[in-house]
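Undergrad: Shown below is the structure under consideration.
FYI, it's all coordinate maths here, none of it is from the lab. As the structure is a computational prediction, the values presented were derived from the model and not from experiment. When we count neighbours, we look across all protein chains shown, and the Cβ atoms used for this are built from the backbone with ideal geometry, even at glycine.
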Amino acid sequence: MRLKDKVAIVTGGSVGIGAAIAKRYAAEGATVATVYKSNDEGAAGIIKEITDAGGKGKAFKSDVSDVAKIEQLIADVIAEFGRVDILVNNAGVFRTVPVMETTEEIWDEQLDLNLKGYFFMVKTLVPHFRENGGGKVVNISSIAGTGAFPNCPGYCASKGGVVNMTRALAAELGKEKINVNSIAPGNVATPLNAHLRGPGNEEYMQLMKTFTPTGIDFIDPEDMTGTAVFLATEDARMIHGETIIVDAGWSVW
């Protein structure tokens, strides 16, 4: 068990990539604080899967785009488990909206959750990490942050911000044994992109297969978990500020 006796916070942990990471971390021995905003049933289901498999975890309901709620969340997790060793910033929102249809509300929603929330989760945990002698941060970005796509300027801006914020945090915090790194997933099958899959999207799905060397249209969330585990271990102690792309080869083109 590579994460035995560690305590991990996973935001957006009731579905998709977050749920997969939460379950994998628990299987690797970590106690997992799964954070969610509104999906009570999904969060309860993930914790049940974890505990039924012999793991440890608890769901925490919060809005990680709100700084006051972030501060309360961190206090609650530490009160429950005594410490935090790992943070996975995963909660996010994706809106497919062209430039001229992007309202201030749509823009702010994505930047507040996908970028501001990530920063303040880290900032709030830094004093605790310092007391513990270090910590691990895994930010979930996107290939929309390492490249760009049409019809989602807010999402691309937020995820590109995550990539460079990861570098900036690593540059400042690395000397304190706080590793900050990022994963940039490709097209992962999650509720965020359900509108791009299934009937009516055959052309798009075929395009993904054609332009991905592995011939895959959508990646399973579980395929993100190995990298997330690695970055949370001491094997990654000399990796700081990096973004690892996990996209089935899409970006080689």
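Undergrad: Pick out which of 174, 147, 160 has the largest mean-square fluctuation in a Gaussian network model of the chain, springs linking Cα atoms closer than 10 Å.
TA: 147
Undergrad: Let me ask another. Between residue 78 and residue 214, what is the label-to-label distance in nm when each label sits 7 Å out along the Cα-to-Cβ direction?
TA: Going from the residue 78 label point to the residue 214 one covers 3.8 nm.
Undergrad: I've got another one for you. Could you work out the percent of alpha carbon pairs in the range 7-248 separated by over 33 Å, rounded to a whole number?
TA: Value for the range 7-248: 14 percent of Cα pairs lie more than 33 Å apart.
Undergrad: Taking the alpha-carbon distance from residue 58 and a cut-off under 22 Å, which lysines remain once sequence neighbours fewer than 8 residues away in the same chain are dropped?
TA: Result set, ordered by chain and number: 4, 6, 23, 37, 48, 69, 136.
Undergrad: Now for a separate question. Taking Cα centroids, how far is the range 37-94 from the range 217-253 in Å?
TA: Taking the Cα centre of each part, the range 37-94 and the range 217-253 sit 22 Å apart.
Undergrad: Between 192, 115, 87, where does the largest GNM mean-square fluctuation fall for the chain, given springs only between Cα atoms within less than 10 Å?
TA: It is 192.
Undergrad: Hey, another quick one. What full-extension length gain, to one decimal in nm, is calculated for residue 222 and residue 38 as 0.36 nm per residue of separation minus the Cα-Cα distance?
TA: Full extension from residue 222 to residue 38 adds 64.0 nm.
Undergrad: Then there is this: Work out the length of the dipole vector of the chain about its Cα centre, built from +1 on the beta-carbon of each Lys and Arg and -1 on the beta-carbon of each Asp and Glu, and round it to the nearest 20 debye.
TA: Details: 24 positive and 31 negative charges, 151 e Å.
Computed charge dipole of the chain: roughly 720 debye.
Undergrad: When the chain is modelled as a GNM with alpha-carbon springs shorter than 10 Å, which of 139, 181, 151 fluctuates the most?
TA: Ranking 139, 181, 151 by mean-square fluctuation puts 151 first.
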